[in-house]
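Asker: My questions will all concern the structure given below.
The values are calculated or read from the model by the stated rules, or taken from the named source; none is laboratory data. Owing to the predicted nature of the structure, the values given are computational and were not obtained by experimental measurement. A quick note on method: Cβ atoms are made from the backbone with ideal geometry, for glycine too, and the neighbour counts reach across all protein chains shown. Quick note on the areas: whole protein, heavy atoms, side chains included, nothing else; ligands and nucleic acids left out. Shrake-Rupley method; radii C 1.70, N 1.55, O 1.52, S 1.80 Å.
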Amino acid sequence: MPEHHAVIVIGAGLSGLYAAWRLQRQQVDVLVLEARPRIGGRILSATPRGLASPVDLGPAWIWPAFQPRMKALVDELDLPLFRQHVEGDMLYEMDAARIHRHAGPSSHAQSYRIAGGNAALVHALRERLPETSLHEQTRVCAIRREGLEIEAEREGHAVRYTAEHAILALPPRLLNETVLLAPAPAEATREAWRNLPTWMAGHCKMVFVYGEPFWRAQGLSGEVFSRPGPMSEIYDGSPADESFHALTAFVGLGAARRRELSSEALHAACMAQLERLFGPAARDVREVLVSDWSRESLTATALDQDASPHHPEYPPGMPRQLWDGRLLLAGTELAREHGGYLEGALESADEAVRAL
C-alpha cells in the first residue's frame, strides 16, 4: 500500500519547508519530498576549508524594512541579522582602463544578511518538523489525479504515495519538464509555465575568500559594478563574525558563454579583474567557491540557459491550482508581489496554505 498523508509538499526549498511548517502547526499531517540529498533548494551556504562560518552561494540578502514575512520569520526563529557592509567608496569599471570611484550612498544600505548564512533559515524550519516528515533523495516522476497518487524514485527504488492535496513547491519550468501530470494541464497553462523564468537559474555566483579585508583599507566598500567583467557585480561577502573576509561576485557572462570557458579560464579572468580593481593584494586569495546554477539540473532547464542577468518579471496572473484545488503551486516565481525574492517564496507558500 502507498504511504498516505493529508498533504504532500514536493520540494524542500524555502517555500516547501515554510508551507510544511505552517501546516504542521495547524496539526495537519504533512510529508515533504525532496529530490536533492540536502534541503534548501536554491538556498545554499558553503563553509570554506578550515573555517567555521559559511558564505551564501545562492540568495544572500533580505530587506526587513520591505519584506514583512521574512522579518517576522527570522524574528520567530530567533535568527540574528547583520547589516551588509557598505562603508567606503564604490567602484564603477567602465572598461579595463577606466575605473571610477564613487562616494555616493549604496543601494544596499538597507540590506541585511542572516548570521550563519541563509541555510540557517531552512535548517531552523527543518528542526521544527518531525524527523520522519521529510524524505530526501526522492524525485517525483508522476502525479495522477485518480487517488492523487504520486510516483517517485527514492534512492534508486520506485515508491508511491497518496494524498488529499499536494503542494508543488518547485519552479514551474522544472515541474513542466520533469513531472508527468495525468491528466495533463491545459496547453495554455503549460505555455504559461514555460514562459516563466526560473529565478537564479541563469546565475553564476563566486565567493573569493581572504584573510584580510584589503579593500576596506583602501577606503572601499567592496561594491563594484563593471561593464567589461567577467564579474558584473561584486560585494563584501564577509561573515557576521568576520573570522575571515570575502568578496562575493555575480558573473556577468551568460550561461552559454560560461560553458565555452573552462573553469580555469574563468577563474583566471576573474582574478585578473580583481587585481585591476583592487591591486596586487587581490592575488592572496585563500579559496574560491563557485555555484553555477545553470548547471544544476534540479534548478535550471534548457529554457533557462539563455536567462537574462537582470531580475525577471513575474506576472501575477499565473495558474496556481489544478484539479479543483487538489494540486497547488508554490515558489517565488508564483508570488504576486515579490517574485524572485525570498519574500516571494514565503508569500506564495502562504497563499497555498490559505487555499487548503
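Asker: Rounded to the nearest percent, how much of the accessible area of the stretch 90-202 (1.4 Å probe, protein heavy atoms only) is carbon and sulfur?
Answerer: Carbon and sulfur: 49 percent of the exposed surface of the stretch 90-202.
Asker: Among 327, 243, 270, pick out the residue whose Cα is farthest towards the positive end of the charge dipole of the stretch 227-356, where Lys and Arg carry +1 and Asp and Glu carry -1 on C-beta, about the Cα centre.
Answerer: Sorting the options by dipole projection puts first 270.
Asker: How compact is the chain by the rule of thumb for globular proteins, expressed as Cα Rg over 2.2 N^0.38 Å?
Answerer: For the chain, the normalised Cα radius of gyration comes out at 1.03.
Asker: Further, regarding this structure: Sticking with the crude label model, points 7 Å out along Cα→Cβ, report the distance from residue 29 to residue 47 in nm, one decimal please.
Answerer: About 3.8 nm separates the two model spin labels.
Asker: Rounded to the nearest 0.05, what FRET efficiency do residue 268 and residue 354 have when you use their Cβ-Cβ distance and R0 = 56 Å?
Answerer: It comes out at approximately 0.65.
Asker: Given a 1.4 Å probe, how much area per residue of the stretch 274-325 is accessible, in Å²?
Answerer: That works out to 55 Å² per residue.
Asker: Leaving out ligands, DNA and RNA, and with a 1.4 Å probe, what % of the accessible surface on the stretch 220-328 is carbon or sulfur? Walk me through the intermediate numbers first.
Answerer: Numbers: 2510 of 4950 Å².
Using a 1.4 Å probe with all protein chains present, the stretch 220-328 comes out at 51 percent carbon and sulfur.
Asker: A further question follows. Of the beta bridges DSSP finds with both residues in the chain, what % are antiparallel, to the nearest 5?
Answerer: Expressed as a percentage, antiparallel bridges in the chain total about 65.
Asker: Related question: What FRET efficiency comes out for residue 100 versus residue 188 if R0 is 45 angstrom and r is the Cβ-Cβ distance? Round to the nearest 0.05.
Answerer: 0.40
Asker: If Lys and Arg each add +1 and Asp and Glu each add -1, what is the summed charge of the other residues whose beta carbon sits under 10 Å from the beta carbon of residue 350?
Answerer: Net local charge, residue 350 excluded: +1.
Asker: For the stretch 49-150, how big is the tail of P(r) above 20 Å, as a whole percent of Cα pairs?
Answerer: Here the tail beyond 20 Å accounts for 62 percent of pairs.
Asker: How big, in percent, is the set of alpha carbon pairs in the stretch 287-356 lying more than 20 Å apart?
Answerer: Taking all Cα-Cα pairs of the stretch 287-356, the fraction more than 20 Å apart is 42 percent.
Asker: I need the fraction of alpha carbon pairs in the stretch 204-356 separated by more than 21 Å, rounded to a whole percent.
Answerer: For the stretch 204-356, the fraction of Cα-Cα distances above 21 Å is 56 percent.
Asker: Follow-up question, since we're still on this one. I'd like the distance between the alpha-carbon centres of the stretch 104-142 and the stretch 1-69, rounded to an integer number of Å.
Answerer: For the stretch 104-142 versus the stretch 1-69, the Cα centre distance is 5 Å.
Asker: About the Cα centre of the stretch 64-210, how large is the charge dipole given +1 on each Lys and Arg Cβ and -1 on each Asp and Glu Cβ? Please answer in debye to the nearest 20. Don't skip to the answer; put the middle values down first.
Answerer: Values: 17 positive and 19 negative charges, 59 e Å.
The dipole magnitude comes to about 280 debye.
Asker: Output the peptides 61-73, 333-345, 228-240 sorted from most to least packed, where packing is the average of other Cβ atoms within 10 Å over each peptide's residues. Mind dumping the intermediate values first?
Answerer: Details: 61-73: 17.0, 333-345: 23.0, 228-240: 20.8.
Per-residue Cβ counts within 10 Å, averaged per peptide and sorted highest first, yield 333-345, 228-240, 61-73.
Asker: Continuing with the same structure: For residue 58, what charge total do you get from the other residues with a beta carbon under 11 Å from its beta carbon, if Lys and Arg give +1 and Asp and Glu give -1?
Answerer: 0
Asker: Oh, and also: Spin-label point model (7 Å from Cα, Cβ direction): what's the residue 256 to residue 212 distance in nm?
Answerer: Going by the 7 Å Cα→Cβ label model, 4.5 nm.
Asker: Which whole-number value in Å² is the accessible area per residue of the stretch 32-100, probe 1.4 Å? It would help to have the intermediate numbers written out before the result.
Answerer: Details: 3160 Å² over 69 residues.
Value returned for the stretch 32-100: 46 Å² of accessible area per residue.
Asker: Could you run the Karplus curve 6.51 cos²θ - 1.76 cosθ + 1.60 with θ = phi - 60° over the stretch 11-18 and give me ³J(HN,Hα) per residue in whole Hz, x for Gly and Pro?
Answerer: Those phi angles translate into x, 9, x, 4, 4, x, 5, 5 Hz.
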